[in-house]
Each structure stands twice: as C-alpha cells, then as structure tokens.
1. Write out, first by first residue and then by second, each pair whose Cβ atoms fall under 8 Å of each other, whose residues are 6+ apart or on separate chains, and whose first residue, in region 248-269, is more than 15 Å from Val150 (Cα to Cα) and polar (S, T, N, Q) while the second is part of a loop (DSSP other than H, G, I, E, B) and open to solvent by 50 Å² or more (accessible area, probe 1.4 Å).
2. How about region 22-37: which of its residues are without any contact (Cβ under 8 Å) to a residue 60 or more places away in the chain and within 9 Å of Leu74 (Cα to Cα)?
3. Looking for something outside any helix (DSSP H, G or I) and either open to solvent by less than 80 Å² (accessible area, probe 1.4 Å) or of a type outside the set (Phe, Trp, Tyr) (or both) - is there at least one such residue anywhere in region 144-164?
4. Return the residues of region 93-127 that are open to solvent by 60 Å² or more (accessible area, probe 1.4 Å), among the polar types (S, T, N, Q) and more than 17 Å from the chain's Cα centre (by Cα); say none if nothing qualifies.
5. What's the total number of residues in region 135-178 that are free of Cβ contacts under 8 Å to residues at least 40 places away in the same chain and more than 26 Å from Leu264 (Cβ to Cβ)?
6. Can you pull out the residues in region 180-237 that are in a loop (DSSP other than H, G, I, E, B), of a type outside the set (D, E, K, R) and exposed (fewer than 12 other Cβ atoms within 10 Å of the Cβ)?
7. Taking Leu50 as meeting all but one of (1) within 30 Å of Ser136 (Cα to Cα); (2) open to solvent by less than 10 Å² (accessible area, probe 1.4 Å), write down the number of the exception.
8. Considering region 194-206 alone, what residues qualify as being within 21 Å of Arg257 (Cα to Cα) and touching a residue at least 24 places away in the same chain (Cβ under 8 Å)?
Amino acid sequence: MTSVFTTYTDEARMQYFRMGLGVACVLKFVMSLTHGGWNRLASGFTRHDLDRRHGSSRAAWVVACYRPVLCVRLAAALLLTAGVASKAAAMVVIAGLLFELMYEFRSNTVFLALMAGCLLVAGNLGDGLHVVHRMSDANTWAQFLVVLIVTDVYWNSAWQKTRSAHYMSGLLLAQYVHFTAQAQRKLPFREFYYPRLFLRWFGGGDAIAMQRWRKVALLVIVVEVALPIALSLPATRPYAIAAGISMHAAFLLLLPRQLLGFSLGTVSGYVAFVA
C-alpha cells in the first residue's frame, strides 16, 4: 500500500490463483446441473419464489435464459482454468454468478464473483497452463485485492459467529448435524455422508453433543481470526495453510455441495499471501 502497489511480486501467484478459482467455478457449475438442477426453474418452490419476487414477465425471462447461462458459464470456467482468453472468460463467469443471484442468493456466490473480479485488474494471468515466475508489479494490485477479500471473509465470518448465541453455544451445529443425519434417508439424492464415529460423538443432538460442538465452534473462530495473519508470515504460513485446508475440509463434511466451490476458491487465494 505504501508503494502504491508498485512493489514487485511474482506474477505466477495470480496465475496459480486463476487456475484454482477456475476449477472452483467449474465444480460449482457442474453441481448446479446435477440433482435436478437442469429443470430447477421448470416448476416447484424456486419457480414460485422467482415469480413472487420478480413478477411473471421478468421471471419468464430468467427461466428462458437459465439453461443457456448454465452451459455458457461452465464453458467460460473451463476456459478460465485453461488460461484461454482469461479476462473475457472471467467476465462471463462473473455474469453467470450474478445471474444466479436472481433466483438464489448465496453469499458464497457473491464471494466467487468478487474473487473472479480480481482477475480483471491483473496485468499477466498467463497463457494456458504454463506459469511464468517473473517479478513485476503487473499483478500486485490484483494480488492485494485477493488478500483483502480473503481476510475480510474470514474476519467477518468470525465476527458474525461471535454475535450469534445460537452458534456460540454449540446448539446450532448440534441441531444441524442431528437433523441432517435423520433427514438424509428422506432426500431424493444423497447430500451428506457422516461416518459412524462422527455421529457417535457429534450427532446425538443432546447436551453432550452440544458441549462438544461448543468447543469446535470456538476453535473455528480462533482459526478464522488467526489465518490471515499467519498466512502473511513466512514462519507460520505452512501451518496456516494446513489449518485452513483442514478447516475447509471439515466445512465440506457438513455442507459439501454448497461449500465445495467456496472452499476451493478460498484456499486458492492462499497463494496471494506470498509475495
């Protein structure tokens, strides 16, 4: 910041990030096609809610664009990963993510759109899957934005958790796991997989499980607060990366389909903490 973002950084950092974010978007977009996603707006609650919020004429436009957008944004994410017309592909990916917000708002979708936006101000995103290790200020501003967004996500997440008595008590997580374990067998598609040992310790939905989840809840907050700082320090960076990957792996255990793209996109941003 003090050098007005003219400090030299390794251009390869943003090129690695571009690939990781591209894979994250590909996985998210592929999963949006499965489990009935192709016909999602044909009928049902999502279509009803779309009509209610936007009106019938605008909802009809969204429905008409829905399937073409699913295909185009997936193709753009593949091009982004492969490093073909990266900035143009990133713009299409962003448009596809913003379109999704019209029928389903998720903070994770906004996060991926912001991360993809960082690519638009980068000076050298590389060509293809080839990475160039060259020191310059071409990607310094973009790299700073990735660090800023990742830090903001972690610290604001920790702040929101500390303000929630439901979360801090461990009751939220205990109720969630207990309910999803019971409801899994009634779902048309498999959404979760909880090992038996995990359910034995954390799936009871009782006071004992609540006490165990309270410790987990506090641990998550500590990790989220410490991660951006630890990622910025060379001495603690390897441990921070291991802790971050482990935390996101645990998140995927609880909510795999919704958090896979978010988790991979976040972990991809770790490379931006290295100059």
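1. Once the first residue is more than 15 Å from Val150 (Cα to Cα) and polar (S, T, N, Q) and sits in region 248-269, its partners that are part of a loop (DSSP other than H, G, I, E, B) and open to solvent by 50 Å² or more (accessible area, probe 1.4 Å) give Gln258/Arg106.
2. Val26, Val30
3. Taking region 144-164 first, the residues outside any helix (DSSP H, G or I) are 163-164.
Then keep just the ones that are either open to solvent by less than 80 Å² (accessible area, probe 1.4 Å) or of a type outside the set (Phe, Trp, Tyr) (or both); that gives 163-164.
For region 144-164, residues outside any helix (DSSP H, G or I) and either open to solvent by less than 80 Å² (accessible area, probe 1.4 Å) or of a type outside the set (Phe, Trp, Tyr) (or both): present.
4. none
5. Selection size over region 135-178: 6.
6. In the first step, residues of region 180-237 are kept if they are in a loop (DSSP other than H, G, I, E, B); the result is 187-195, 203-206, 233-236.
Now narrow it down to the ones that are of a type outside the set (D, E, K, R): 187-189, 192-195, 203-205, 233-236.
Residues satisfying the conditions are Leu187, Pro188, Phe189, Tyr193, Pro195, Leu233, Pro234, Ala235.
7. In the conditions (1) within 30 Å of Ser136 (Cα to Cα); (2) open to solvent by less than 10 Å² (accessible area, probe 1.4 Å), Leu50 misses (1) alone.
8. Just the residues of region 194-206 that are within 21 Å of Arg257 (Cα to Cα), to begin with: 194-196, 198-199, 202-203.
Of everything in region 194-206, those that are within 21 Å of Arg257 (Cα to Cα) and touching a residue at least 24 places away in the same chain (Cβ under 8 Å) turn out to be Tyr194, Phe198, Phe202, Gly203.
The values are calculated or read from the model by the stated rules, or taken from the named source; none is laboratory data. This one's a predicted model, so the numbers in the text were calculated from it and none came from an experiment. Cβ coordinates were reconstructed from backbone atoms using ideal geometry, including for glycine residues, and neighbour counts include every protein chain displayed. Ligands, DNA and RNA are excluded from the accessible area calculation, which covers all protein heavy atoms including side chains. Shrake-Rupley method; radii C 1.70, N 1.55, O 1.52, S 1.80 Å.
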